[in-house]
Amino acid sequence: MPDCALVLAGGKGARMKSELPKPMFEILGEPMLEWVLSACERAEITEICVVKGYNAEVIDSYLEHRDGNKCDTVLQKERMGTGHAVMMAREWLSGKLESSSDPNVLILCGDAPFIDEKTISESRAVHRKGGNAVTIITAKVDNPKGYGRIVKKDGNILGIVEETDLTDRQRDISEINSGAMWFSIKALLYALEEIKPNNSQNEYYLTDSIHILSQAGYTVGSYISENEQVVLGANDRKGLLRLNDIARKNIIERHLDDGVEFTCIDGVEVGRKVRLSPGVKILQGTILKGDVTIGKGSVIGVNTILENCSVGKNCVLNSVQAYDSVICDNVTAGPFVRIRPGSIIENGAKIGNFVEVKNSTIGEKTAIAHLTYVGDSDVGAEVNFGCGVVTVNYDGKNKYRTTIEDGAFIGCNTNLVAPVRIGKKAYTAAGSTITGDVPDGALAIERGSTYIKDNYSDKKLKK
Amino acid sequence: MPDCALVLAGGKGARMKSELPKPMFEILGEPMLEWVLSACERAEITEICVVKGYNAEVIDSYLEHRDGNKCDTVLQKERMGTGHAVMMAREWLSGKLESSSDPNVLILCGDAPFIDEKTISESRAVHRKGGNAVTIITAKVDNPKGYGRIVKKDGNILGIVEETDLTDRQRDISEINSGAMWFSIKALLYALEEIKPNNSQNEYYLTDSIHILSQAGYTVGSYISENEQVVLGANDRKGLLRLNDIARKNIIERHLDDGVEFTCIDGVEVGRKVRLSPGVKILQGTILKGDVTIGKGSVIGVNTILENCSVGKNCVLNSVQAYDSVICDNVTAGPFVRIRPGSIIENGAKIGNFVEVKNSTIGEKTAIAHLTYVGDSDVGAEVNFGCGVVTVNYDGKNKYRTTIEDGAFIGCNTNLVAPVRIGKKAYTAAGSTITGDVPDGALAIERGSTYIKDNYSDKKLKK
Amino acid sequence: MPDCALVLAGGKGARMKSELPKPMFEILGEPMLEWVLSACERAEITEICVVKGYNAEVIDSYLEHRDGNKCDTVLQKERMGTGHAVMMAREWLSGKLESSSDPNVLILCGDAPFIDEKTISESRAVHRKGGNAVTIITAKVDNPKGYGRIVKKDGNILGIVEETDLTDRQRDISEINSGAMWFSIKALLYALEEIKPNNSQNEYYLTDSIHILSQAGYTVGSYISENEQVVLGANDRKGLLRLNDIARKNIIERHLDDGVEFTCIDGVEVGRKVRLSPGVKILQGTILKGDVTIGKGSVIGVNTILENCSVGKNCVLNSVQAYDSVICDNVTAGPFVRIRPGSIIENGAKIGNFVEVKNSTIGEKTAIAHLTYVGDSDVGAEVNFGCGVVTVNYDGKNKYRTTIEDGAFIGCNTNLVAPVRIGKKAYTAAGSTITGDVPDGALAIERGSTYIKDNYSDKKLKK
């Protein structure tokens, strides 16, 4: 399959009042451009060229760091219409002719994020089967106002007519242009020669190619997507909020279909790549970002943020924020917990209120109930942390690790000054600062002198 | 009043993708079955039989542990329609004939949670007054699509026609079957003999009894409920979310009518049994579950969860989670506070940020301002806790109580190793670990040796 | 410009079930009366008289403490209609005749909060230009039901007809009375003499003045506001919730237009006076109250509450509550942070989880990472706080300040007993209680005796 895609991403988005190129505005935490690129990749289009323009370096930098296939780019220095944008890729398109006799290209808008794999695949099939020079991806909508209408005669496409040029009869046409189109690259290169900026904006319109190819006897086809949302884009912050809201509800609906329970979706945001097992329950205010998986029977929320985390079965996470970590089965955490990157919370561990875990392994059935910081630590199974324990991992210059073996009991308000090892079933007494290793089964205790001064409050009041 | 109810709860809910029987799915934290049972109980129907089927042991277990009257159950091993479900209770129904000459039974769907006391009571009155053999509880709705229509001629009910069997004229009938019906038990037992599985599903339909009884000369009546929501049920997770949303807004609306202030209801969830005084203010993200009462002038939220708690007047709870506890008047708590079961927070106490209270009494005007854990403690009035105080209630084997008398002052980062008693107006010095009782008015202090090493940072940097 | 305004604020709001006068119910945290008064002030009307009635002392107290110009008040002891309310201000109105030959007064409802500056200014221009005796501020709405209709003949206003008195033809009139009107004070004083309580309520209706003045040959005009919301008021808690929701969305929409990013507005509340730079991102559950400004590039939320705070550029505040404080540029805070009044967080400082700052200055690039309380402190630049540090600022009688100089390193679980000074680049060892000053560059350490008891756990288990 030698097909490739060209993504138009040169736009500015002036009404966004930002220096970000328009396709870089985010839907559920990912640029619209990413939504488009990954839809291509899911449809097995891997050769992609991005036409960049406004603040192109932002797009360069994004493409450099993204996962997935590397994309080529071409620069559109001046923005002179969609046809002009495609012209910038002429060389890239021509190159495709070398490896295939009649290659096709899918042209997509980088700021229409809801293009989907099925639409791409099925439109490609239609395009190929019909031997089309161009296949417009369209949608039928209830309210076509503002979109280019697909004008047909006897089933043949005559062209795309923009809102301002519509006749009264055309105004009611419900089939509209999504902006996405398949082209035979040969036909496209021909059409690019013919597109002229004969319009009030002095711009080169890619949509003119339809009429040009049709006139020249090429086959022009269309594919009506079942997904009306393929046409949607955002020109301002309100539009962007609307797209976010649509995306948010689409994804939640998909998980509802899969048997996930949501009882109130206020504030809930589930990212594109999140995988939830049937029977998972997501409570209000919960945000799942990036690569998250959650196992059966787990209850997540309220107000829980997970980013790049895997959560096992039957966990209960209440008001937890966790990042780049692994939470195994039967873990309860919260309320008010933060788990920072590099942590592994093993089966049956309990993390209580006002606890921070960072870059540490917490063993099975270990309990960290309250007001504790465990950082850079390797903690065994069935360890009990008292309240107020601190792993002192930083001396102002370097960071060190703390090791706590199985079954240890760490007294309240203990400082464990790393590097330090607390042995198996060892104890530390409340209020101790432990600067050296504690042998297995031993008790370490630090105590000062204790005095009782009688009648202290009377004297204090007299002062 | 010898009336009784039969609740059909055998269904599976395949589209829920869960092993829970359908009536066990929850609306605002309570199974739909519970909503139905408690509506019966509020309408003073106390003899209830539940027809269980799919994963019956889940229903058995729930009924065993629920508050309220004990319910009988019968098992419907195979699911062969609503008529079949009622047949399973034939013996139970016959038993009712012994204690009354003409008893009635209300048949309800266990997965239609919005049946209400008024509908039950008024339909019962209609049923009795008309001497009806059967009284269908109906509702008039704008969009009857999908529901069984009530077909009448000259005011008499001819039968219930399902969506698939509707004539064009019947399609516009707006009166629909809620699924709930009153029967004379005698008439019902007669009808059950006559219901045949003569349909494509080979099922016994309870609705066939209408035609059967009508044909046999019995009086068939109907009662149109003002509450359109009596017809609502859920077949999938989307439907369940919708029912939750409806329930959520219904209850909030009821409290608005009672003079409770809500300025933004996003994320707000108020359980069925919650009692709020006029003038209470509930902020966004607040969840009130189970048996909660809140007194006049209290402001609850944001993001506050109360479960089985009583809160007095003029309290301010900001980002608090409290469970099975009593909070008296003029208490302020939060932000970021957890109050665990068995706690009593007395008048005018202040609980500040990152404080956990568990199974303790906190006396009047006592202040626990920050980063403190008070567990298994009896704390008097006007006690002042410094920051970082820990009641050390667990020694790895047993839990012990801490007693703090009126007016005591607990220094910052103090460990109170239980069992221990801090006397009236006694002081503990910051950083002390207190392992023995402190007399009234005394100061207890634990101090180690203190050194100052000059030029430490220079040396450290040189290393 | 000698124009003045009379705000009718005597109403009770019985259905609110509260003792608050109706205009004192709040929209986004401010009384409806405040919305009206400040709209007047923005339109440069500074002489305002408030007609108070029900629980007048609540309004007196509010007016006394509010910012902005002082308002006069008159008391309407009995509530006998809007005309009667205006009669109470007869003397105040007459007084205006002394300083101007033909002064005008704007009469406003104290419980219609969405009157806006533009409507006031433009209607004043219409009123003056037309030499009108009265100019009714109206709006054209899709659903006029319940509102007084503006009845015109040949473009001239005949009167305002209330819902109950409408003819069938009048029922469809879409232009309705907002309740706000400009009067020539002379004409108003004339009309007040003529208004009679000839209606079923025995009340004096101000709207009768239209007919009276028209009959007497005065010019009656109207101004149709573009802002349909000028007509909105609330009679019950449901209505108040609705107004809050409208206000909430209006303000968010305004910020969207200005280039602020919102991806999910659930639970988000932005007050009237908040100023946000383009490119600021506001996440769900965020509440901004009072006088808040936020600089470019800052990300605020989730669940962040800021009240009277200024936040600089490129800050990230996650689950923070901050009050009456200044947060400079590049500050990161959260999750779970509370910043109490009087704090200044300087550029590049980092405030981590479970940290409370109160009435303190935190210097540039200082890090307070976890579980720490900094109160009444002056902290320099590049200070590092370990976990669990407490500034012991209260001895049970007085509060004292803590000074920490640049580059100091405060060990974990350190108590700094104020008044105390930690010198430049000084260190304190973990677990120390520091009661005296620490010189620049020195290390202060407090340690007790440390013991290791071997085989402790074996013995403990045997017990």
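Can you find a residue in segment B:322-334 that is within 14 Å of chain A (Cβ to nearest Cβ) and touching a Phe, Trp or Tyr at 6+ places or on another chain (Cβ under 6 Å)?
The answer is no; no qualifying residue exists.
Candidates in segment A:226-258 are the residues that are among the basic types (K, R) and more than 9 Å from chain C (Cβ to nearest Cβ); of these, the one that is farthest from C:D266 (Cα to Cα) is A:R254. Considering segment C:198-228, and only residues there that are assigned to a helix (DSSP H, G or I), open to solvent by less than 50 Å² (accessible area, probe 1.4 Å) and touching a strand residue (DSSP E or B) at 6+ places or on another chain (Cβ under 9 Å), the residue that is farthest from C:W182 (Cα to Cα) turns out to be C:S214.
The residue that is nearest to the other protein chains (Cβ to nearest Cβ), counting only those in segment B:431-441 that are buried (at least 24 other Cβ atoms within 10 Å of the Cβ) and not in a strand (DSSP E or B), is B:G431. Would it be correct to say that A:N359 is within 40 Å of the chain's Cα centre (by Cα) and closer than 29 Å to C:I368 by Cα? The answer is yes for A:N359. Close contacts from segment B:292-305, counting a first residue that is assigned by TED's automatic domain parsing to the domain that holds B:N347 and a second that is among the acidic types (D, E) and assigned to a loop (DSSP other than H, G, I, E, B), with Cβ to Cβ under 8 Å and a gap of 6+ residues or different chains, come to B:G295/B:D329.
Return a yes/no flag: does segment C:300-315 have any residue that is under 21 Å from B:N303 (Cβ atoms) and surrounded by fewer than 20 Cβ atoms within 10 Å (Cβ to Cβ). Yes: one or more hits.
Entry remark, segment A:352-378: residues being away from every other protein chain (no Cβ under 13 Å) and open to solvent by less than 10 Å² (accessible area, probe 1.4 Å) number 4 in total. Restricting segment C:403-430 to residues that are in contact (Cβ under 8 Å) with a residue 24 or more places away in the chain and at positive phi, the residue that is farthest from the other protein chains (Cβ to nearest Cβ) is C:G407. Every condition in (1) crowded, with 19+ Cβ neighbours inside 10 Å; (2) touching a Leu at 6+ places or on another chain (Cβ under 6 Å) holds for A:K238 except the one numbered (1). For segment A:94-145, residues that are without any contact (Cβ under 8 Å) to a residue 60 or more places away in the chain, assigned to a loop (DSSP other than H, G, I, E, B) and open to solvent by less than 40 Å² (accessible area, probe 1.4 Å) total 1. Put simply, of A:K273, A:K289 the only residue that is within 14 Å of chain C (Cβ to nearest Cβ), of a type outside the set (A, V, I, L, M) and farther than 15 Å from B:G267 by Cα is A:K289. Between A:R242, A:R237, A:R171, the distinction of being under 30 Å from B:L28 (Cβ atoms) and either basic (K, R) or modelled with pLDDT under 95 (or both) belongs to A:R242 only.
Listed here are the residues, each with its yes/no results for (1) in contact (Cβ under 8 Å) with a residue 12 or more places away in the chain; (2) outside any loop (DSSP other than H, G, I, E, B); (3) out of contact with any strand residue (DSSP E or B) (no Cβ under 7 Å at 6 or more places or on another chain).
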{"position": "A:V50", "(1), (2), (3)": "yes, yes, no"}
{"position": "A:E57", "(1), (2), (3)": "no, yes, yes"}
{"position": "A:E64", "(1), (2), (3)": "no, yes, yes"}
{"position": "A:D67", "(1), (2), (3)": "no, no, yes"}
{"position": "A:K77", "(1), (2), (3)": "yes, no, yes"}
{"position": "A:M80", "(1), (2), (3)": "yes, no, yes"}
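Which members of segment A:335-351 meet the condition of being on the phi > 0 side of the Ramachandran plot and away from chain B (no Cβ under 13 Å)? Scanning segment A:335-351 gives A:G342, A:G348. Among the residues making up segment A:4-32, those that are in a helix (DSSP H, G or I) and crowded, with 22+ Cβ neighbours inside 10 Å are A:M16, A:K22, A:P23, A:M24, A:M32. In segment C:379-400, which residue that is more than 12 Å from chain B (Cβ to nearest Cβ) and not in a strand (DSSP E or B) is surrounded by the fewest Cβ atoms within 10 Å (Cβ to Cβ)? Result: C:N398.
The values are calculated or read from the model by the stated rules, or taken from the named source; none is laboratory data. None of these values were measured; they are calculated from a predicted model. FYI the Cβ positions are ideal-geometry reconstructions off the backbone, even for glycines, and counts take in every protein chain you see. Calculation scope for accessible area: heavy atoms of the full protein, side chains included, ligands and nucleic acids excluded. Shrake-Rupley method; radii C 1.70, N 1.55, O 1.52, S 1.80 Å.
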